[in-house]
Amino acid sequence: MVRPCFLVIDREFPGSISTRKLVIETAKFNVITAYSADEGIQMLKLFPAVSGVVIDDGIEGIQTEGLVVQMKTLNPALPVVVIAAPDAPICKGADHQVQSFEPAKLLETLKSIVPSAAQAIEKQNEKLSHERLS
């Protein structure tokens, strides 16, 4: 099984890694992290076969809609998920928009993008759990 891989474009904080990266990896998805719009674009060029992109609406230096347009220009079929504040306007061009601080909703959204792989991962987890109990 090849696990899905998502590009996460998140804000950078001193001395820490992206908490979204950690959340997504708990679902056993792979993550490539970028900490700016420019880095995100370069990473998509380096890794064009990602399963989707997760963008924090607070990325500095570019409006999120502009970044979504650039991502879609590189790969029109690429699913894009925007993470935004509850009162933020809907990001045009994004395939999904999830409110900040809803990690379960983010995982649910990502699983809907790659349903077969998500099911295979869940089956593998069940198998591992049963083996461990034996």
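Read-outs: derived from the displayed coordinates by stated rules, not from any lab. What you see is a predicted model; the values in this text were computed from it and never measured. Please note: Cβ atoms are built from the backbone with ideal geometry, for glycine as well, and neighbour counts cover all protein chains shown.
Distance between the pseudo-spin-label points of Gln63 and Asn75 (7 Å out from Cα toward the beta carbon): 2.5 nm. Inter-label distance, Ser116 to Glu131: 2.3 nm, where each label sits 7 Å from its Cα along the C-beta direction. Computed about its Cα centre, the charge dipole of the chain is approximately 520 debye, with only Lys, Arg, Asp and Glu carrying charge at their Cβ.
Here's the list of aspartates and glutamates a cross-link from Lys92 could span, going by alpha-carbon distance under 16 Å and ignoring same-chain residues fewer than 8 apart: Asp56, Asp57, Glu65. Taking a Cβ cut-off of under 15 Å around Leu110, the surrounding Lys, Arg, Asp and Glu residues balance to a net charge of -1, with basic ones at +1 and acidic ones at -1.
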